[in-house]
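Scroll down for the structure; my scribbles are underneath it.
Every number in this text was worked out from the coordinates using simple rules, so none of it is lab data. Here the structure is a predicted model, which is why all the values come from computation and not from measurement. Every residue, glycine as well, gets a Cβ built from its backbone with ideal geometry; the counts of neighbours run over all protein chains shown.
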Amino acid sequence: MFSRLLACLALLAIFTHRLPADDAAPIRIVTLGDSITRGVRGGVKKEQTFAAMLEASLKAKGVKVEVVNVGIGGERADQALARLDKVIALKPALVTIMYGTNDSYVDKGKKAPRISKYEYAKHLRDIVDKLKAAGIQPVLMTEPRWGDGARNGANEDPNVRLEDYLKACRAVAKEARVPLVDHYLHWSRARSKGTDIAKWTTDLCHPNEAGHREINRILLPVILKAVQAKR
């Protein structure tokens, strides 16, 4: 009987040793944001969004990963906070958070943005804190810059208000000590060097395939570093 037990244990050890190295579940990343995160629209297919590109890029680097895009068109930071429990229920390891374009926008006939900069900052902070409490790594992101010639409902350049809000986003990232991916800064620097960033968009606001490629390009190294820290 004892010899049979030893033989069974030996077989079990051999079987366990031969299990594939990638038997672990994939790392799940959720991209939380508005229509810029959702990405899909006229001229942009699902596989051309930065979320899909991020998954493909990580897999190409040998990372077993699943990227779940939960972007909703028109969403603000307060609305994201209201549905955060559903995001947490997906059990991601990391969540990217990108808001500000809708929050800072002034609608036609209005004089003030949809929510104040202080409300925006508070909601971002609450999102970050809630994710951290659930053991999830938040990654804050600034929104891309609007293309030249864009106007909000008050006939203003929407970048003026957006930039002010994104200062608050950067401050939240610094205070909370979470990674920040500064798309606005990247697009602004490209513009200052002569790039017509309107050509990265479908309508001066929403990224086209080229715009999503730029978002993924500067997002990827930050996510790689965060993923390695989670291992």
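Assorted remarks:
- Simple point charges give the picture: +1 on the Cβ of Lys and Arg, -1 on the Cβ of Asp and Glu, and for the chain a dipole about the Cα centre of about 480 debye.
- Segment 73-86 - phi-based ³J(HN,Hα) in whole Hz, Karplus 6.51/-1.76/1.60, Gly and Pro as x: x, x, 6, 10, 5, 5, 6, 5, 4, 5, 10, 5, 4, 5
- The angle between the Cα long axis of helix 2-17 and the longest principal axis of the Cα atoms of the chain comes to about 30 degrees, rounded to the nearest 10.
- At R0 = 35 Å, FRET efficiency that the Cβ-Cβ distance of Glu47 and Lys111 yields, to 0.05: 0.30
- Charge sum, other residues only, whose C-beta stays under 14 Å from Leu219's C-beta, Lys/Arg counted +1 and Asp/Glu -1: 0
- Distance violations [Cα-Cα > 20 Å] among Lys91/Lys130; Lys86/Lys225; Lys59/Lys130; Lys132/Lys230; Lys117/Lys174: Lys86/Lys225; Lys59/Lys130
- Spread of Cα-to-Cα distances over 10 Å intervals beginning at zero, given as percent, for the chain: 8, 31, 33, 14, 6, 4, 3, 1, 0
- For the chain, the longest principal axis of the Cα atoms and the long axis of helix 158-176 meet at an angle of about 40 degrees.
- Rounded to the nearest 10 degrees, the inclination of helix 117-133 to the longest alpha-carbon principal axis of the chain is 0 degrees.
- Distance from the C-alpha centroid of segment 73-118 to that of segment 162-210: 16 Å, rounded to the whole angstrom.
- Sorted on the mean count of surrounding Cβ atoms within 10 Å across their residues, most packed first, peptides 47-59, 81-93, 165-177 read 47-59, 165-177, 81-93.
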